[in-house]
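A quick write-up on the structure given underneath.
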Amino acid sequence: MVSFLPRLLLLVTLLASGFTPVSSECTDCGLCYNHGGNYKCLATYSPTCDKWHAMFDCPAGTPCETTNDPDKGRLCAAAADGGSEAGTCPRCGEHPAIDVAGCCSPLREGATYAPTPVPPATTTWSRGQAEMLPRHAWVVLDHNDGPDDSSFGVAVAVSEEFVWVGGKTTSKMTMKNPHLVDGRIAVAVPDSEDGDMFLTKVTLEGEPVSIHTFPGSEAEQPNGLAVSADGYFLSMVGYFRGTLTLGSEEYRNNVTRLTDEYDCGTNCPKDAFLAKISAADSSVAWSVHFPHQGDASTELFATAVTAAGDIVYGGHIANTGRLGVLANDGVVKRWETVYDDSVGPFNDLKELPNGDFVAVGSLAGSANFGGEVGTISSTYSGSREALVLVLDAETGYAKWAALMGSPYQYSRASKGVLVATTDTDIYVACAGPCSHIRISNDGTAGGNMMSSQHKGGIAKFTAAGTPLWISELPTYPQGMAANTGSAVYVNFYESAPVAYGADTFTNWVGADTKDQFIIKFDPTDGAGEWVMQQGGTGKEYVRRMAMDARGDIYTTGKTGSSPGHFDTVKMTAHDNANENDMFLAKMATSVEGLPYCKMTKGVLKGGYCFFQNTCFEDGMLMPPGDLVCVGAEEPEVEVEPVPETEGLSSAASSVMGRSVTMCILSIVVLPLVIGNLFSKESF
């Protein structure tokens, strides 16, 4: 029941800040809030706002954070005012998104943390397009051949000789590199009718070596992979339901009902596993089963191998963060910590050269981490913030911690946190936007380092914890990689156009399209250097990323496009009827040069178009799928671009402004128009 007095106090506060309520009656959008750009409603009234679905704790007896848009959001009335039970407002339904500039300011100890009405100009990007670019060296695909077949690459790890991908498949797998002449083909058939978990091994030259499956009766998935420094073994972590066979061990999780006898169907509690696997033949040396507790799942998301060969693992039990280290023999547990329930799952972790490791997860509230960190609290009440924790691998002693949050962090940081390490630095990417940084061992460092309007952020820390810079991410990061002496790279998937400074990259359009994007950041100052797009009219659903010692990156996921464009590599030989073919792709980021369709800077070869950092041959379709490349017979000199048209990419606006041939289904693109975007003078 909502009392009248606290609600009146909230209204007085909101009126003082410029909020004008139109009506106290319950409307069809009574409890709306901005959830990372998605506007939703709570199903029922909550005086504190459920921490998984809303961004702030509200004063007791008052409505949750709402929009002050008079047409689409109003405060819900108390039962005494409205004559009905508080909180019975229906969901938002089909109402369009509400402008974030109209949101109320959340209040905390008299201070307001409102977003700026207009996002400031980007400080990360000047252009997404670049003159010097890398190329994809190869793509390996699962060439399964039926509409019901499906495979998905989830985790990836790389050594000096091989790259491994862990994932899941529903049917026979046929891994091959269609552009490798007389290359090997790796084949595996799952034991279970519903498919199995798999581990595939590929050379750094793109030749498949093997596929090994791990039988399971229901659902199983590897979430994380790591390879030892000597390349002799891997650590693999994940979850399963039903049964799972790892070497000589068969583990069981046959829960079908919760403790209240509710039939949980396909959403029963998960169990976690950790396995040490031979890099030579994928045999299991030993494994560990982490059972669920009651109705609460246990899951491991990340793993690493220390210089001593011990295995670090991270994840959660009942959504509470869990970290531990097992000795190389799998018998001795060095240590394990299940933290306070305010600590969310640990999503990623990486080792440091000095024997420490970095784990990233989330925090909502306060928790005691011991060591030199002690008790720390999240900066913004009711918001789940990204947590960076550096620990001694041998003892679990906490050395320092950082929190990355914002007033509009919501709960996204509980899953969207990734880490990459070099000999001297730590990179952390998270969703949310993670714009405010606090350090446990230095109260003067950090602060609000970026606008809170962005959907994600990537920050650089020294190994001692000093934040150096933070840059914006356009969405939820899926993978990240960096190495000593390299740039830092982030990948993600997107189904809508994304702006990078002056350039907007257009997606391929299809029934269920998602394109992979890889973006490069300068490690010195965090400036965005280029954007590379991989996709087609199907979906490229991506997961983790790894980097080899040379500085080349490897991405994995699943593709549903044919043709699928990975810049220099065009995939056409696979059957994409199922729209779910596992892929592993190598991008040679250690070397950048002129795109192959350019003769010199500013001059395109005859028969080509250059669009969104990709070369297209004459007659090929280009994003969004209705643009046709018409390449000139002779080389063409690039010219200055036409100014942008609002809502279109630089390339598209140039086409609209210059082309004389246009129809509803296709637009003819002249190479001199497409190419003009990449002259040095236009940067």
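The values are calculated or read from the model by the stated rules, or taken from the named source; none is laboratory data. Keep in mind it's a predicted model, so treat the numbers as computed, not measured. Positions of Cβ are generated from backbone atoms using ideal geometry, with glycine treated the same way; all protein chains shown enter the neighbour counts. Ligands, DNA and RNA are stripped out before the accessible areas are found, and what is left, the full protein with its side chains, is counted by its heavy atoms. Shrake-Rupley method; radii C 1.70, N 1.55, O 1.52, S 1.80 Å.
Sequence gap at least 6, Cα distance under 8 Å: using those rules, report the relative contact order of segment 244-287 to the nearest whole percent.
It comes to 33 percent, rounded to a whole number.
Cα centroid distance between segment 594-629 and segment 460-492, in Å?
Between the Cα centres of segment 594-629 and segment 460-492 lies a distance of 30 Å.
Tell me the label-point distance for the pair VAL331, THR484, using the 7 Å Cα-to-Cβ offset, in nm and rounded to one decimal.
Between VAL331 and THR484, the simple spin-label model gives 3.5 nm.
Scaled to the compact-protein estimate 2.2 N^0.38 Å, what is the alpha-carbon radius of gyration of segment 205-250, rounded to two decimal places? Mind showing how you got there, number by number?
Numbers: Rg = 12.8 Å, N = 46, 2.2 N^0.38 = 9.4 Å.
After normalising by residue count via 2.2 N^0.38 Å, the value is 1.36.
When Lys and Arg each count +1 and Asp and Glu each count -1, what net charge do the other residues less than 12 Å away from ALA155, Cβ to Cβ, add up to?
Working: positive: LYS168, ARG543, ARG544; negative: ASP348.
Residues near ALA155 contribute +2 overall.
Can you flag which of LYS558/LYS605; LYS168/LYS399; LYS333/LYS586; LYS520/LYS601; LYS172/LYS570 are past 31 Å Cα-Cα?
From LYS558/LYS605; LYS168/LYS399; LYS333/LYS586; LYS520/LYS601; LYS172/LYS570, over 31 Å: LYS558/LYS605; LYS168/LYS399; LYS333/LYS586.
Using a 7 Å offset from Cα along Cα-Cβ at GLU592, what residues in segment 124-141 end up with backbone N under 13 Å from the label point?
Zone members listed by number: 126-135.
Which distance in nm do the two modelled labels at GLN293 and GLU205 give, with both placed 7 Å along the Cα-to-Cβ direction?
Simple spin-label model gives 5.1 nm for this pair.
Using only C-alpha positions, report the orientation-averaged shadow area of the convex hull of segment 225-310, nm², one decimal.
Working: hull surface 23.5 nm².
With every direction weighted equally, the projected area is 5.9 nm².
When the Karplus curve 6.51 cos²θ - 1.76 cosθ + 1.60 is applied with θ = phi - 60°, which whole-Hz ³J(HN,Hα) does each residue of segment 529-539 get, with x for Gly and Pro?
9, 7, 10, 10, 10, 10, x, x, 7, x, 10
Would you kindly work out the equivalent ellipsoid of segment 115-247 from its C-alpha gyration tensor and give its semi-axes, the square roots of five times the eigenvalues, largest first in whole Å?
Equivalent ellipsoid semi-axes, largest first: 32, 22, 17 Å.
Show log10 I(q)/I(0) for segment 259-381 at q = 0.16, 0.21, 0.22 Å⁻¹, two decimals, from a solvent-free Debye sum over equal Cα scatterers.
Computed log10 I(q)/I(0) values: -0.87, -1.26, -1.32.
When only Cα pairs under 8 Å and 6 or more residues apart are kept, what is the percent relative contact order across segment 198-344?
Result for segment 198-344 is 17 percent.
Please give the direction-averaged projected area of the C-alpha convex hull for segment 171-288, in square nanometres with one decimal.
8.4 nm²
Scan segment 473-550 for trypsin sites (Lys or Arg not before Pro) in coil per DSSP, keeping those whose Cβ has at most 16 other Cβ atoms within 10 Å, and list them by number.
ARG550
Starting from the Cα-Cα distance between SER248 and GLU633, subtract it from 0.36 nm times their residue separation and give me the gain in nm to one decimal.
Length gained between SER248 and GLU633: 132.2 nm.
Tell me the accessible surface of TYR339 in square angstrom (1.4 angstrom probe, heavy atoms of protein chains only), to the nearest ten.
Here the accessible area works out near 20 Å².
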